[in-house]
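Everything on this sheet refers to the single structure shown next.
The values are calculated or read from the model by the stated rules, or taken from the named source; none is laboratory data. Because the structure is predicted, anything quoted here is derived from the model rather than measured. Backbone-built Cβ (ideal geometry, glycine too); neighbour counts: all protein chains shown.
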Amino acid sequence: MSELRIIAKQTGNFLEDFRPGQVFRHKGGKTLTEGLFATFTEFAMTSNPLAKNARYARAYGFRGLTAPPGLVMLVAFSQTVEDVSENARANLEYIDMRFGAPVYIGDTIEVETKVLNVRPSSSRPNLGIVHVQSVARKNLGADDEAVVMTWQRKVQVYKRDDDAELHAGEVAPDDVPCPLWLPEYDPARDYKSLAHLTSPDSYFEDFEVGTRIEHSRGRTMTSEHIHLTAVLDNTSQVHCNQFMIDLDPKQYVGGQLIIFGGIPFVLCLGLSSPDVGDNALGDVVYPTGRHTAPLFAGDTVFAATEILGKRDFEGRPDLGLLEARLLGHKFERSDGAESEDAPPGWKKTRIFELDRQIAVKRRSHYA
Amino acid sequence: MSELRIIAKQTGNFLEDFRPGQVFRHKGGKTLTEGLFATFTEFAMTSNPLAKNARYARAYGFRGLTAPPGLVMLVAFSQTVEDVSENARANLEYIDMRFGAPVYIGDTIEVETKVLNVRPSSSRPNLGIVHVQSVARKNLGADDEAVVMTWQRKVQVYKRDDDAELHAGEVAPDDVPCPLWLPEYDPARDYKSLAHLTSPDSYFEDFEVGTRIEHSRGRTMTSEHIHLTAVLDNTSQVHCNQFMIDLDPKQYVGGQLIIFGGIPFVLCLGLSSPDVGDNALGDVVYPTGRHTAPLFAGDTVFAATEILGKRDFEGRPDLGLLEARLLGHKFERSDGAESEDAPPGWKKTRIFELDRQIAVKRRSHYA
Amino acid sequence: MSELRIIAKQTGNFLEDFRPGQVFRHKGGKTLTEGLFATFTEFAMTSNPLAKNARYARAYGFRGLTAPPGLVMLVAFSQTVEDVSENARANLEYIDMRFGAPVYIGDTIEVETKVLNVRPSSSRPNLGIVHVQSVARKNLGADDEAVVMTWQRKVQVYKRDDDAELHAGEVAPDDVPCPLWLPEYDPARDYKSLAHLTSPDSYFEDFEVGTRIEHSRGRTMTSEHIHLTAVLDNTSQVHCNQFMIDLDPKQYVGGQLIIFGGIPFVLCLGLSSPDVGDNALGDVVYPTGRHTAPLFAGDTVFAATEILGKRDFEGRPDLGLLEARLLGHKFERSDGAESEDAPPGWKKTRIFELDRQIAVKRRSHYA
């Protein structure tokens, strides 16, 4: 069959394909199985029993095991990759990431994205920035249809053709209601009998503004990231196509496969979980977040949390709103340069930062 | 306990153990859990929403998430490994692989195999070829008991004793009905409202005989293959016993652990899925297929599909029967030799080919 | 925010924190999902159909797929790590590990541990030994609440401060009833029709006291162990924090990440399964067990079983009680020294031993 006509498929959009106001209804959709749940709740050492202990989750008024915010984020975000960032160089910023209805095993998540802004890079003619707003809903058409997450992000995207005209411009974001669903506080429930299942020192009363908590554990990532990323339907080739990298290593960050940003995002949440997230009933919003350095197989990830503020949670005297900044870092060989916050021979590299507002239980009501 | 009598267990059959007409009712059986489903549907980037989005699958008339053909194949095939190919050197050919009833989470698959032909190798006295026919059924004894898959294969098997007599000979294959179950087309269903969940350009009308589609993505396999193969109950030692290889590397293909053929089989199906399988309702039959080169950890797999033919699907004006050839390849360093279809310094090595007949939706009825 | 107060979190207890009689009600708890089930039943090549084939399990009188003892052990044991052994150097001995109620998908396991004995090391001032007793229960507060496992273990734990006073001393273990639940033998059931699903030569009648069965398969472990250990909520840093090792390799066994002992424990059970565990209805007790050498990524694990005794199973003429010793080993380069039980150039290193009492079906009743 030497006379076959060859069709070289391209996937994903390039910079010149995006138009302000354009809406993508993403392909696929994803039903949350117990397989996904086990893999992604737990590779990151999440310790909140809402995601691990069905007895605890039901006693609090959830229907059963409840997806932690990191899992919801991984599933929802990955649905947008093919259309938005398959041909991206980097994800620049997460903005106003809000959580809504709880996500349970068996729920099906589908996602839409609206293009808000397209602009060229000032310094690199083959790149530009796309700003999008995404909405993830569950169980469309069913009685429990609900928004589970909304977020914006800015992403640096390659042009297919350096000389192509852009559809530069801007539209306003939609107002998408995404209120965090929380179970009612019911004094008749015996919450205290469950208090030993969470950390004794991560109630709202325990946090002090102006402190930084260095979380004790580190976790080394391996080439497992290729498998994890595939299972999420994240199709970006910089995470899984070693041959593409080998052909032109200088074109790619670090000259090797880069770990999908959702992995350190969720891993930092997990590492902080025993100290910060264990007694949370939900994450309300992540106002802003970004990756500040790439992560590669072999790196060990650590996390810290800065306590920025504490506020009452409106209408819920049993809860407080904790404002925190989650920081991720790794260590690299310093090649002689000394660093104050790293052991001799090493330097500390920040890889991730995320501002969080979390609904945290008060000891006065729960323990 | 120095006087213990030692029993060195052997597993699997050798060439001289097979007899034409012999039937193996394979041990174990396997219930399809959500864990298996998540792992094996998604490591390969399968994009058909029947396997990922329960809302979509139910709207089409399936009971829920439906195992893609690649997952059915991996589970059913692996059940036969201990008896048929634990002591094999290579799997030579897949023949007449047919799919029947849909497989859902919770279904239990059990497999039988009949030996059709045994013959010695003409050139190598320690090897021969066994030709078998296998049938996989689900939910034996239950109301929904059904054949889910039948296939034949030829496998090159080692002798235990080079001088042993063979039970050479041949019997005819059984006639095993295995009609592909497909949901009825119901004009009252609102299929069009789901059309955004699949590729817009992979309907039956979109394919043109005489074209080859180069699928855009590559996927690097890692040592994850050892774990994946174990989870499938595939016990063949050439996939997971590095010490055995280290003792006598020259005896083994490539002198290293070889990746179980089911992995590239399913990975090529997955890589082709956005372009070819996304709008399929089912795979009808794979008339023939084979592995043409081994795959090792570190290799990046690519796929292409040649469109061989298009036919009406009898009794189903909403569908067409697509005849295609799925090809898998990887790139290897060329050591100087130049190649037309590979970048400089590389050569393209075909690893897999599979003829497929697929029941594909027509845009006229579904979008 | 340069004036942040830094809180360096520590997790887990050090030797001086333990007091005889102290009780830990461990955090978290864990609901057994189908994801956990698939991963941990099958990475180890377990072949007992009670854990793989729901049709078989139900036909025998179980509610459905039944967690094999190795999975129950991994989940229950891991719950105790943060409190008991996060700061341990080594796990010295498993003692009187008993299995009770069957564990099904959806069951939630929670664990308590009592400190029995604390004593200093005679030779190393920064270490000592803690002896604990743990009890794992399922579905607390529900109708099917039950003890699923009890065990004792001795663990070598670091001191936080070499000069700290210990709470040395001893209390007696609790008497915790943990009878193995077994389905009734019912002559009306057609067990024989299922006999092809298990090994034909692993009934009670097949074992002979004074034999050692060398199991045929080996399984190479990879860096997958980091992921597996995280998914189990085992937080011990020696299994997953490569940076900690790199800072001071000499402080750690082998100067590299060590594989969590639960992994070879369960892997040896799995490798022995086709020959010894396939026709068991349950494991009754493991009187004693220990790790005798560390396991690292890249090692290939093999197993053997010595038959120590055979006894009637009280009240169950259909079963026998098999007393066996499970042995695990790997091979290391011998650097010149020859060894009788290893190929030239290699030496055989025992890594694990476990005494088992198993309830095994009699062929007379089941096949």
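Here are the numbers for this structure:
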{"read-out": "Within the stretch B:241-259, tally of residues that are in contact with a His (Cβ under 9 Å, 6 or more places away or on another chain) and either touching a residue at least 60 places away in the same chain (Cβ under 8 Å) or buried (at least 22 other Cβ atoms within 10 Å of the Cβ) (or both)", "value": "2"}
{"read-out": "Qualifying residues in the stretch B:285-300 (those that are of a type outside the set (Lys, Arg), more than 10 Å from chain A (Cβ to nearest Cβ) and surrounded by fewer than 21 Cβ atoms within 10 Å (Cβ to Cβ)) - the one nearest to B:LYS52 (Cα to Cα)", "value": "B:VAL285"}
{"read-out": "Filter result (over 13 Å from B:VAL118 (Cβ atoms) and of a type in the set (A, V, I, L, M)) within the stretch B:150-168", "value": "none"}
{"read-out": "Subset of the stretch C:112-157 [within 14 Å of chain A (Cβ to nearest Cβ) and under 21 Å from C:LEU15 (Cβ atoms)]", "value": "C:GLU112, C:THR113"}
{"read-out": "Output for the stretch A:113-125, where each listed residue is within 12 Å of A:GLN156 (Cα to Cα) and crowded, with 23+ Cβ neighbours inside 10 Å", "value": "A:VAL118"}
{"read-out": "Output for the stretch C:208-226, where each listed residue is closer than 30 Å to C:LEU322 by Cα, under 22 Å from the mean Cα position of the chain (by Cα) and facing another protein chain (nearest Cβ under 7 Å)", "value": "C:ARG212, C:ILE213, C:GLU214, C:HIS215, C:SER216, C:ARG217, C:GLY218, C:ARG219, C:THR220"}
{"read-out": "Enumeration of residues in the stretch B:139-186 that are of a type in the set (Gly, Ala, Ser) and under 20 Å from the mean Cα position of the chain (by Cα)", "value": "B:ALA146"}
{"read-out": "Contacts under 9 angstrom Cβ, first residue in the stretch C:148-171 being without any contact (Cβ under 8 Å) to a residue 24 or more places away in the chain, partner small (Gly, Ala, Ser) and part of a loop (DSSP other than H, G, I, E, B), 6 or more apart", "value": "none"}
{"read-out": "Selection status of B:ALA303, closer than 30 Å to B:HIS131 by Cα, crowded, with 17+ Cβ neighbours inside 10 Å and touching a strand residue (DSSP E or B) at 6+ places or on another chain (Cβ under 8 Å)", "value": "yes"}
{"read-out": "Cβ pairs under 6 Å, 6+ apart, first in the stretch A:331-346 and in contact (Cβ under 8 Å) with a residue 40 or more places away in the chain, second in a loop (DSSP other than H, G, I, E, B) and surrounded by 11 or more Cβ atoms within 10 Å (Cβ to Cβ)", "value": "none"}
{"read-out": "B:PRO125, sole failed condition from (1) closer than 28 Å to B:PRO49 by Cα; (2) of a type outside the set (A, V, I, L, M); (3) at pLDDT below 95", "value": "(1)"}
{"read-out": "Residues being outside any loop (DSSP other than H, G, I, E, B), at pLDDT 95 or above and farther than 28 Å from C:SER193 by Cβ - total across the stretch C:31-53", "value": "1"}
{"read-out": "Residues of the stretch B:10-30 that turn out to be modelled with pLDDT under 90 and in contact with a Pro (Cβ under 8 Å, 6 or more places away or on another chain), as a count", "value": "1"}
{"read-out": "Candidates C:TYR60, C:TYR94, C:TYR56, C:TYR104, filtered to the one that is touching a Phe, Trp or Tyr at 6+ places or on another chain (Cβ under 7 Å) and hydroxyl-bearing (Ser, Thr, Tyr)", "value": "C:TYR94"}
{"read-out": "Hey, B:PHE77 surrounded by fewer than 24 Cβ atoms within 10 Å (Cβ to Cβ), more than 14 Å from chain A (Cβ to nearest Cβ), under 26 Å from C:LYS192 (Cα atoms) and touching a strand residue (DSSP E or B) at 6+ places or on another chain (Cβ under 9 Å) or not", "value": "no"}
{"read-out": "Within the stretch A:134-163, tally of residues that are charged (D, E, K, R) and either exposed (fewer than 15 other Cβ atoms within 10 Å of the Cβ) or not in a strand (DSSP E or B) (or both)", "value": "8"}
{"read-out": "Subset of the stretch C:31-62 that is in contact with a helix residue (DSSP H, G or I) (Cβ under 8 Å, 6 or more places away or on another chain) and more than 10 Å from every other protein chain (Cβ to nearest Cβ) - its residue that is nearest to C:TYR104 (Cα to Cα)", "value": "C:PHE62"}
{"read-out": "Tally of residues being touching a helix residue (DSSP H, G or I) at 6+ places or on another chain (Cβ under 6 Å) and away from chain B (no Cβ under 14 Å) across the stretch C:258-276", "value": "3"}
{"read-out": "Among residues of the stretch B:95-112, those that are surrounded by fewer than 23 Cβ atoms within 10 Å (Cβ to Cβ) and either in a helix (DSSP H, G or I) or among the hydroxyl-bearing types (Ser, Thr, Tyr) (or both), counted", "value": "1"}
{"read-out": "Test result for B:LEU15, away from chain A (no Cβ under 14 Å), buried (at least 24 other Cβ atoms within 10 Å of the Cβ) and more than 20 Å from B:PHE260 (Cα to Cα)", "value": "yes"}
{"read-out": "Any hit, the stretch C:118-133, residues being part of a strand (DSSP E or B), among the β-branched types (Val, Ile, Thr) and more than 28 Å from C:ARG356 (Cβ to Cβ)", "value": "yes"}
{"read-out": "Evaluation of C:LEU269 against (1) within 14 Å of the chain's Cα centre (by Cα); (2) more than 30 Å from C:ARG58 (Cβ to Cβ) (one fails), failing number", "value": "(2)"}
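This table checks each residue for (1) over 30 Å from C:ALA51 (Cα atoms); (2) more than 14 Å from chain C (Cβ to nearest Cβ).
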position: B:GLU165; (1), (2): yes, yes
position: B:SER202; (1), (2): yes, yes
position: B:LEU228; (1), (2): no, no
position: B:LEU232; (1), (2): no, no
position: B:GLN237; (1), (2): no, no
position: B:LEU247; (1), (2): yes, no
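Rundown of residues vs (1) within 22 Å of C:ALA57 (Cα to Cα); (2) without any contact (Cβ under 8 Å) to a residue 12 or more places away in the chain; (3) β-branched (Val, Ile, Thr), yes/no style:
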residue	(1), (2), (3)
B:ALA76	yes, no, no
B:GLN79	yes, no, no
B:LEU92	no, no, no
B:ILE95	no, no, yes
B:TYR104	yes, no, no
B:THR113	no, no, yes
B:ARG124	no, yes, no
B:GLY128	no, no, no
B:SER134	no, no, no
